[in-house]
Amino acid sequence: MPQSETSTDLDPTEIITNEATGTEYTVAEIENSSRIVKSVTPYYTADWYIKWIASIIVLFAVAIRSSGVPELQIWDIFLSWVGAAMWALVGFMWKDRAILLLNGVLGLMLFSGLIAEFFK
C-alpha cells in the first residue's frame with residue numbers, strides 16, 4: 001500500500017516532549033492539532049537565510065535613522081535599499097506578489113535616493 005504524500009515515517013504513538021514547557025505530546029496530537037503552532041516556513045534554506053539577514057540589515061538601518069545623526073543618512077538609505085532588495089528577492093522566491101511589490105518599489109525609491117546623494 002503506497003504512503004500518501006503527507007505521511008511521515010514517525011510512529012503516531014511516539015511521545016515528543018516540548019523542552020521549554022515539559023509538556024508531552026504524541027506525534028498524532030501534533031499533526032492533528034489546531035492549537036499547537038507549527039511553522040510553515042522551512043528552516044535553513046536559501047530564502048530562510050536571506051530573509052533573516054535582510055531583516056537584521058533593515059533593523060540596523062532603522063536604528064541609524066532613529067539616531068538622528070545627519071551624517072549617517074547615506075548609511076540608512078544604503079542599508080534600507082539592501083534590505084528591501086533582499087526582501088524583494090525573497091518575495092520572488094516565494095512567488096509572493098505583495099512582498100515583491102512592496103520591497104521592489106521601496107528598493108527603487110531608495111536606489112533613486114542613493115543616486116541623488118552621490119550626485120549632490
Return the single residue from P70, P42, P12 with maximal mean-square fluctuation; model: Gaussian network over the chain, springs between Cα atoms under 10 Å. P12
Please return the longest stretch of the chain lacking exposed loop sites, where GluC sites (Glu not before Pro) count only if DSSP places them in a loop and at most 12 other Cβ atoms lie within 10 Å. 20-120
Mind giving me the FRET efficiency for L10 and D47? R0 is 30 Å, r the Cβ-Cβ distance, nearest 0.05 is fine. 0.70
Read-out semi-axes √(5λ) of the Cα gyration tensor in Å, candidates (i) 40, 17, 12; (ii) 43, 18, 9; (iii) 21, 17, 14; calculated match is (ii)
For the pair M109 and E19, what calculated FRET efficiency results from E = 1/(1 + (r/R0)^6), where r is the Cβ-Cβ distance and R0 = 35 Å, to the nearest 0.05? 0.20
Among A63, A20, A84, which one shows the highest mean-square fluctuation when the chain is modelled as a Gaussian network with alpha-carbon springs under 10 Å? A20
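Each reported figure results from applying straightforward, stated rules to the coordinates on display, with no laboratory input. Because the structure is a prediction, the values reported are computed rather than measured. When we count neighbours, we look across all protein chains shown, and the Cβ atoms used for this are built from the backbone with ideal geometry, even at glycine.
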